[in-house]
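See structure below.
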Amino acid sequence: MAILTRRSVLRATLGIAASGMLARPHLTNAAATTATVWWTQGFAEEEDVSFKKIVADYEKASGNTIDYTITPYAPLRQKIVSAVTSGVVPDLFQNTPAEIIALYAWQDKLVDVSDIVETQRKEYTETALLTVHCYNNVEKKRGYYGVPYTVGASMNHIWRPLVEKAGYSMEDLPKTWDAYYDFFKDVQQKLRTQGMRHVYAIGFQLNTTGNDSNARFNDFIIAYGGQDIVTDDGKLHLDDPKVRKAAIEALTYPATAYKEGFVPPGAINWNDADDNNAFHAKQIVMDLDGTISTEVAVLSQGKKEDYDDIVTMGLALSNDGKPVPSQVGNATGLIPKGAKNVAVAKEFLKYLIQPKVLNELLKTGLGRNLPAMPAIVKDDPWWFADPHRAAYTRQGLLGPTVPTFWTSNPAYAQVQNEHVWQAAWAEIMKNEVSPQVAAEKAFKRVEAIFAKYPIAEG
């Protein structure tokens, strides 16, 4: 008997759910109406300009109106939570923070958008599809609760002049994970002997409040071989010795680097922008951070010399010399249940994910985010004409990728919301417990959270 897995039914599910959608014209002008849209402010002004242009083009083509507001990330997150809690919702918002798609799908608070995803189904990466294929605990099945349009991945951002000032060249960087980051510790020590007392090796995000610190732990546990901590069926695998070992190592390396003085002392209290700020101020030699927002911000400010001095690199190999897959998160459009104009919200999303439209949106936004469709970059040399974009494209879109853990089970979203792993980091950094003790405590909390999110799929 054939065994149906989440991946094996992925595309068939879409075809069945959207069989009646494909015959419709792309834009309907019969009844011009207005949709209320909440959008996240970009890291660079060009991203907001790009979104406004796409809205204007859509309105002209459709006759509909998009009543949008552009809000910074943190306030928008609070605004979305309040709206969904009260039931007074807009027609469309982004997954800000990213994991709300899994939590709200579980609670049956999102509209299934399989019909919209189907319009570009063949263009998407499988990882992009998996990342929006979430479990609804009311209906006891998975569905497509977000329309993906961008992907983002972690990258290494390095000040080449600081490496060279320490007497090295970029060609000296080791290829494997721990050796790669150990290299920058030596760079710091060499720079300190030259009087640069306030330069640190690495900009690891280690706080217990932000999104970036969650991503950093995930980067490390995957690099150490623990990517099966949560599998596509939503099951937790902390009983797997390989996963447990990877988690302990992921807690140990960043916390030890901090304790040894290779990460700025303030990193334990940074917000998600502070590592970028520290990098721009050349307080850190390198930063491991998602997307190329670091580079785009420099370019947006017209600092071409600084832009050229930054080297953007993909992830190092694992310690045993194998490629490390990027955990890719998607920016997706979500339609909450209770929205007054679902039809126009869907039409706008369907317009947005047309490859030509999406490519224009992201290029005008300086390429901070990648399209969720490989054919877009393969058909447009712009994505490879710049060394920063080229490295980012190869790592986050064309290289090996895995979906976010919380898509498989929203329990992991709660793990991230509670910052379970980062609380363990904090205990280690404060010398309160050993990494082993901190890990065991974290394991118990993670297991308790997962027990509250049982997934029963046929």
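The values are calculated or read from the model by the stated rules, or taken from the named source; none is laboratory data. Since we're looking at a predicted model, the values are computed, not measured. Note: ideal-geometry Cβ built from the backbone for every residue, glycine included; neighbour counts use all protein chains shown. Heads up: the accessible areas ignore ligands, DNA and RNA and are worked out on the full protein's heavy atoms, side chains in. Shrake-Rupley method; radii C 1.70, N 1.55, O 1.52, S 1.80 Å.
For the chain, the longest stretch holding no GluC sites (Glu not before Pro) located in a DSSP loop with at most 14 other Cβ atoms within 10 Å is which?
Working: sites that count: E139, E260, E432, E457.
Longest site-free region, per DSSP loop and neighbour criteria: 261-431.
Tell me, what is the per residue accessible area of the chain in Å², probe radius 1.4 Å?
40 Å²
For a Förster distance of 51 Å, can you work out the FRET efficiency between the beta-carbons of E432 and K60, rounded to the nearest 0.05?
Values: r = 60 Å, r/R0 = 1.17.
According to the calculation, E is roughly 0.30.
Based only on Cα atoms, what Rg/Rh ratio does the stretch 297-364 have, Rh being taken as Kirkwood's radius? Before the final figure, lay out the partial values.
Details: Rg = 19.1 Å, Rh = 16.5 Å.
Value, to two decimals: 1.16.
At a Förster radius of 51 Å, what calculated FRET efficiency corresponds to the Cβ-Cβ distance of K452 and I70, to the nearest 0.05?
Here the calculated transfer efficiency is 0.90.
Return the whole-Å distance between the Cα centroid of the stretch 316-337 and the Cα centroid of the stretch 174-246.
15 Å
Placing +1 at every Lys and Arg Cβ and -1 at every Asp and Glu Cβ, with all other atoms neutral, what dipole size does the stretch 263-339 have around its Cα centre, in debye to the nearest 20?
Value, rounded to 20: 300 debye.
Would you compute, from DSSP H runs of 4+ residues alone, the mean residue ellipticity of the chain at 222 nm, taking -39500 (n - 2.57) per run and dividing by the full residue count, rounded to the nearest 500?
The helix contribution divided over the chain gives -13500 deg cm²/dmol.
Between K122 and T231, what length comes free when the chain is fully extended (0.36 nm per residue of separation minus the Cα-Cα distance, one decimal in nm)?
Roughly 36.9 nm would be gained on extension.
Subtracting the Cα-Cα distance from 0.36 nm times the residue separation, let me have the gained length for S82 to D186 in nm, one decimal. Display every interim value, and only then the final one.
Working: separation 104, 0.36 × 104 = 37.44 nm, distance 4.72 nm.
The S82-D186 span can extend by a further 32.7 nm.
In whole angstrom, how long is each semi-axis of the equivalent ellipsoid of the stretch 259-374, when you take the square root of 5 times every eigenvalue of its Cα gyration tensor and sort them from largest down?
Result for the stretch 259-374: semi-axes of 33, 18, 17 Å.
Compare the Cα positions of L299, A448, Y149 along the charge dipole of the chain (+1 at Cβ of Lys, Arg; -1 at Cβ of Asp, Glu; about the Cα centre) and return the one farthest towards the positive end.
A448
From the gyration tensor of the Cα coordinates in the chain, what semi-axes in whole Å does the equivalent ellipsoid have, largest first, with each one equal to sqrt(5λ)?
Computed over the chain, the values are 36, 27, 19 Å.
Assign unit charges at the C-beta atoms only (+1 for Lys and Arg, -1 for Asp and Glu), then state the dipole size of the chain relative to its Cα centre in Debye, rounded to the nearest 20.
Computed charge dipole of the chain: roughly 660 debye.
Around E45, what is the net charge, scoring Lys/Arg as +1 and Asp/Glu as -1 over all other residues with Cβ under 14 Å from its Cβ?
Within the 14 Å Cβ shell, the charges total 0.
Placing +1 on the Cβ of each Lys and Arg and -1 on the Cβ of each Asp and Glu in the stretch 271-403, which of W383, I310, Y351 has its Cα farthest towards the positive end of the resulting dipole?
Y351
Relative to 2.2 N^0.38 Å, what does the C-alpha radius of gyration of the stretch 339-457 come to as a ratio? Two decimals please.
1.53
Given the options L130, S62, A98, identify the residue whose Cα lies farthest towards the positive end of the charge dipole of the stretch 61-138 (+1 on Cβ of Lys, Arg; -1 on Cβ of Asp, Glu).
With unit charges placed on the Cβ atoms, the residue in question is A98.
So what's the stretch 371-415 giving for Rg/Rh, alpha carbon basis, Kirkwood Rh from the mean inverse pair distance?
Numbers: Rg = 14.2 Å, Rh = 12.1 Å.
Expressed as Rg/Rh, it is 1.17.
For K190, give me every one of the lysines with a C-alpha distance below 21 angstrom, ignoring sequence neighbours fewer than eight places off in its own chain.
List returned: K165, K175, K259, K282.
Among all lysine pairs in the stretch 304-448 that are eight or more places apart or on different chains, how many have alpha carbons less than 20 angstrom apart?
9
Could you state how much accessible area M170 has, in square angstrom rounded to the nearest 10, with a 1.4 Å probe and all protein chains kept in place?
30 Å²
Given the chain, what percent of its DSSP beta bridges are antiparallel, to the nearest 5?
65 percent
If I compute solvent accessible area with a 1.4 Å probe over the protein chains, what percent of it on the chain is carbon and sulfur?
Details: 9680 of 18210 Å².
Of all accessible area on the chain, carbon and sulfur atoms account for 53 percent.
How far apart, in nanometres, would the label points at D309 and K282 be if each is projected 7 angstrom from Cα along the Cα-to-Cβ direction?
About 0.4 nm, to one decimal.
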